[in-house]
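For reference, the structure is listed below as structure tokens.
The values are calculated or read from the model by the stated rules, or taken from the named source; none is laboratory data. Keep in mind that what you see is a predicted model, and the values were worked out from it rather than measured. FYI the Cβ positions are ideal-geometry reconstructions off the backbone, even for glycines, and counts take in every protein chain you see. Accessible surface areas use protein heavy atoms only, side chains included; no ligands, DNA or RNA. Shrake-Rupley method; radii C 1.70, N 1.55, O 1.52, S 1.80 Å.
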Amino acid sequence: MQTIKAAVCHDFGSPLVLEDILLRDPNAGEVEVTLSAVAICHSDISYADGAWGGSLPAVYGHEAAGIISAVGDGVSGLEEGDSVVVTLIRSCGTCPSCAGGQPTICETPYDGDKGPITTADGGKLHQAMACGAFAEKVVVDQRQVVKFPSDMPMDAASLIACGVITGVGAVVNAAGLRAGQDVVVIGAGGVGLNAIQGARIAGARRIVAVDMTEEKLEDAKAFGATHGVLASAKSPWRASYKALGGKGAEAVIVTVGATPAYDQAPRYLGRGGKVVMVGLPHSGAYSSYEPAILASIGQGMVGSKMGDVVIQRDIPWMVDLYLQGRLQLDSLISGRWSLDQINEAIADTKSGKARRNVIMFDR
């Protein structure tokens, strides 16, 4: 066991505590990654606030990049010194979902209470989302990491681990968008901006961003939105129809965890269109629809976890897009912070102004 620094959640809704924890060596099939960057995702904040329950104490963080510093037995294709993106997608590779090409909904459970980390005195410490990346190092399954070129910036690479694959994947994989189709993206935060990028890259005809502020709508246009609609307007879907030339969209991507957004999402659809549900409301929240309308004109709704990605396939593609200048990552970063500033970085993220805040480790 080695001692590392981590930001630990002891009580839901309370500030994280920077403290020493213990990390074991990687077992068979696992790698140890010394982290260089970890971005703050709204899912980390929701978990730390108790929105979905969970085991405490815990280490959150799941959008990371770093250097492999140790390799367990049986690891293939990875070695010490490799630059890797670290994701929360821990797939077994053999269950029906994994074997069917859907590793994001792997059916093999993982018990984070029995993961590679413990408190300094050897007590239980939950490795949240099979990652626990608000720490100097992580030990994760080899299937959770993907190599990238060593000259790519670590902060940009960390964003791909969740926000980018979730947003781009929701459009390309879940919605199956074809060139020339129209898209509405509800929410122009980190994931929403990447959904907009995904729609642009996929060849969407028009991309309508929907958000609560004009500032966010201007942001959306910088990433590829052709039109912006204020969600606070009366019947905002009418403005979307006008922007799309008097029709609904083939795909509506909901990237915010707000039930009013889900209530309204089908109203933006055209005939045969599909709502892709990405944002996660708190447990116990409900939305309502008029199913007769969806059924009568062939509309649908589908959930999308992590953009339905296969990380070994999709992350190298997205890295390539970034290196070609076709996928914006650097401009997604609002601020860079140190680990001991994590509570300030979380507060800044909660303010709603940040695209993505990134914790950088000084090596």
Quiz item: R0 = 25 Å: FRET efficiency of Ser334 with Ala233, Cβ-based, nearest 0.05?
Solution: 0.40
Quiz item: Using a Gaussian network model of the chain with C-alpha springs under 10 Å, which one of Gly77, Gly198, Gly279 is most mobile by mean-square fluctuation?
Solution: Gly77
Quiz prompt | Two-site label geometry, Ser69 and Phe12: point separation in nm, points 7 Å out along Cα→Cβ | solution = 3.3
Exercise. Order these peptides, 151-162, 239-250, by their mean beta-carbon neighbour count within 10 angstrom, highest first.
Key: 151-162, 239-250
Quiz prompt | Candidates Gln341, Gln264, Gln127: whichever shows maximal mean-square fluctuation once the chain is modelled as a Gaussian network with Cα springs under 10 Å | solution = Gln341
Exercise. Name the long-range amide H neighbours of Val184: under 5 Å, sequence gap of 5 or more, or other chain; modelled H, no Pro or chain starts.
Key: Val208, Ala251, Val252, Ile253
Self-check item: HN-Hα J in Hz across the range 293-298 - Karplus 6.51, -1.76, 1.60, θ = phi - 60°, x for Gly and Pro
Solution: 5, 4, 5, 6, 10, x
Quiz item: Which percent of the accessible area of the chain is formed by carbon and sulfur heavy atoms (probe 1.4 angstrom)?
Solution: 49
Quiz item: Comparing Lys221, Lys124, Lys114, which has the greatest mean-square fluctuation in the GNM of the chain with Cα pairs linked when under 10 Å apart?
Solution: Lys114
Quiz item: Taking a threshold of 20 Å on the Cα-Cα distance, which of the pairs Lys247/Lys274; Lys5/Lys124; Lys234/Lys305; Lys221/Lys242; Lys114/Lys147 fall above it?
Solution: Lys234/Lys305; Lys114/Lys147
Quiz item: Gain in length, Glu79 to Leu280, computed as 0.36 nm per residue apart minus the alpha-carbon separation, to one decimal in nm?
Solution: 68.8 nm
Exercise. Go through 330-336, 170-176 and give me the packing order, highest mean Cβ count within 10 Å leading.
Key: 170-176, 330-336
